[in-house]
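K.L.:
One structure is given below, represented as structure tokens, and several questions about it will come after.
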Amino acid sequence: MAKKTHLNSQKSDKPEVRPICENRKARHKFDVLDTLECGLELVGSEVKSLRAGRISLDEAYGRVREQEVWLIGCDIPEYPQATIWNHLPKRPRKLLLHRRELRKFAGQAHEKGLTLVPLKLYFNERGVAKVLLGLCRGKQMHDKRETIKKADVQRGLARMMRGRK
């Protein structure tokens, strides 16, 4: 007896991670030394806005206060249908970390003068909002120029390998 299979009914083995937003400027402005995935403490209307893809991480950064890490400057616009139960768009949001991760990251950021920068925001396979937080060192202008030159050379090599000029 033949087994019926439908393309839509087959599930993939790999769980699906749904990206919401990526901070592209961060990789240009900073050297990312280490990354850490952490959760976010959100209210319902914020989650609805995230699911609609409305967020800006451009000016956001992480700050350690009283043994807790906070996401400052992240703009999640109000959800129009939430009426009076809406949230403040630029309120500080608590990041959820294990205590040993917090000590490690906060210690390095404080001692070496590094910055905690959100690189990416996404929903994991369980549908929980996560932030990829990077421990970063600011780039000088000559470092940025060097990165641009390297990317330009790589692009030129790839073009030559394809046979185009």
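Please treat every number below as a calculation from the coordinates, not as lab data. No experiment lies behind these values; they were computed from the predicted model shown. Neighbour counts run over all protein chains shown; Cβ positions are idealised from the backbone, glycine included.
K.L.:
Quick one: net charge of Val153's neighbours, Cβ under 12 Å, K/R +1, D/E -1? All intermediate terms of the calculation are to be shown ahead of the outcome.
P.N.:
Numbers: positive: Lys149, Lys150, Arg155, Arg159; negative: Glu146, Asp152.
Spelling it out: positives minus negatives among the neighbours equals +2.
K.L.:
Take Met141 and Met160, extend 7 Å from each Cα along the Cα→Cβ direction, and tell me the distance between the two endpoints in nm.
P.N.:
With each label placed 7 Å out from Cα toward Cβ, I get 3.1 nm.
K.L.:
Hey, what number do you get for the chain at 222 nm if only DSSP H runs of n ≥ 4 count, each worth -39500 (n - 2.57), divided across all residues, to the nearest 500? Write out the running numbers ahead of the final one.
P.N.:
Details: 4 runs with 50 residues, N = 165.
Calculated from helices alone, the mean residue ellipticity at 222 nm is -9500 deg cm²/dmol.
K.L.:
Shifting gears a bit: If packing is taken as the average count of other Cβ atoms within 10 Å, what order do 68-78, 104-114, 145-155 fall into, highest mean first?
P.N.:
Values: 68-78: 18.9, 104-114: 14.5, 145-155: 10.7.
Ranked by mean Cβ neighbours within 10 Å, highest first: 68-78, 104-114, 145-155.
K.L.:
Here is a further query. Anything in the chain that counts as a DSSP H helix reaching 18 Å or more along its axis (C-alpha) with Kyte-Doolittle mean of at least -1.0? List them, would you?
P.N.:
Values: long enough: 99-112 (19 Å, -1.80); 141-162 (32 Å, -1.19).
Going by DSSP H runs, there are no hits.
K.L.:
Over the stretch 23-77, how many percent of alpha carbon pairs lie in each 10 Å bin up to the one with the longest distance?
P.N.:
Cα pair-distance distribution for the stretch 23-77, in percent: 18, 50, 29, 2.
K.L.:
Evaluate the chain: find the radius of gyration of its Cα atoms, find its Kirkwood radius, and give the ratio Rg to Rh. Show your work: numbers first, answer last.
P.N.:
On the way: Rg = 20.3 Å, Rh = 18.5 Å.
Over the Cα atoms of the chain, Rg/Rh equals 1.09.
K.L.:
Sequence gap at least 6, Cα distance under 8 Å: using those rules, report the relative contact order of the stretch 43-82 to the nearest whole percent.
P.N.:
Values: 47 pairs, mean separation 18.5, N = 40.
The normalised contact order for the stretch 43-82 reaches 46 percent.
K.L.:
A further question follows. For q values of 0.13, 0.22 Å⁻¹, compute log₁₀ I(q)/I(0) with the Debye formula on a Cα-only model of the stretch 77-143, without solvent.
P.N.:
Log10 of I(q)/I(0), two decimals: -0.58, -1.09.
K.L.:
Then there's this: Taking 8 Å as the Cα distance limit and 6 or more residues as the minimum spacing, I'd like the relative contact order of the chain as a percentage. Mind dumping the intermediate values first?
P.N.:
On the way: 257 pairs, mean separation 48.5, N = 165.
Over the chain, the number comes to 29 percent.
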